[in-house]
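> The structure's right below; bear with me while I get my questions together.
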Amino acid sequence: MQLTILALLLAGCSSSSPQMPSIFLISLYYQRYDPVFNLAQVDPGVVQATANIVGGAEMEVRVGYFGICVSPSGGAYICNSNATALAEVVTVDQDPLNLIWVASTFKDAVVFPYLLYVSQNLW
């Protein structure tokens, strides 16, 4: 059982087949919300400026051990191990804050073989 779960986790986001994009480590996405202003913010205007940049983006990016999946407009997922290839299929309006790059950086800097060992020992 434990080996099966690990195998599924490893396979997640490695292909666009129906179930693979639904197995992932982290999901990053754009979501509209009303800004929350607080006196602790040095420049509350940054919230509005960021909202202006993001516009109506609806994309979601999911990260697996060996790949990244992108849903450019809330539809089907496109998966690839190469973030550059994924960035080439979306427009700047779909990913204005470079979530594909953020996801790739997370995958390259945080997801490493020891993480598999740790997760296996937690189960």
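Residues are listed down the side, and each one gets a yes or a no for (1) over 14 Å from Ser104 (Cα atoms); (2) part of a loop (DSSP other than H, G, I, E, B); (3) open to solvent by less than 80 Å² (accessible area, probe 1.4 Å):
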{"site": "Tyr33", "(1), (2), (3)": "yes, yes, no"}
{"site": "Phe37", "(1), (2), (3)": "yes, yes, no"}
{"site": "Ala40", "(1), (2), (3)": "yes, yes, no"}
{"site": "Thr50", "(1), (2), (3)": "yes, no, yes"}
{"site": "Tyr65", "(1), (2), (3)": "no, yes, yes"}
{"site": "Cys69", "(1), (2), (3)": "no, no, yes"}
{"site": "Cys79", "(1), (2), (3)": "no, no, yes"}
{"site": "Leu86", "(1), (2), (3)": "no, no, yes"}
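> Before we move on, is Asp93 open to solvent by 70 Å² or more (accessible area, probe 1.4 Å), assigned to a loop (DSSP other than H, G, I, E, B), farther than 18 Å from Phe106 by Cα and without any contact (Cβ under 8 Å) to a residue 12 or more places away in the chain?
For Asp93, the condition - open to solvent by 70 Å² or more (accessible area, probe 1.4 Å), assigned to a loop (DSSP other than H, G, I, E, B), farther than 18 Å from Phe106 by Cα and without any contact (Cβ under 8 Å) to a residue 12 or more places away in the chain - is not met.
> Could you grab me the full set of residues in the range 55-90 that are touching an Asp or Glu at 6+ places or on another chain (Cβ under 7 Å) and either without any contact (Cβ under 8 Å) to a residue 12 or more places away in the chain or on the phi < 0 side of the Ramachandran plot (or both)?
Within the range 55-90, Ala57, Met59, Ser71, Ser73 meet the criteria.
> Of all the residues that make up the range 52-63, how many are open to solvent by less than 10 Å² (accessible area, probe 1.4 Å) and not in a loop (DSSP other than H, G, I, E, B)?
The qualifying residues number 2.
The values are calculated or read from the model by the stated rules, or taken from the named source; none is laboratory data. Every value quoted in this text rests on a predicted model; they were computed, and no experiment measured them. Because the Cβ atoms are built from the backbone with ideal geometry, glycine has one as well, and the counts that use them run over all protein chains shown. Side chains are part of the model used for accessible areas, which takes the heavy atoms of the whole protein and leaves out ligands, DNA and RNA. Shrake-Rupley method; radii C 1.70, N 1.55, O 1.52, S 1.80 Å.
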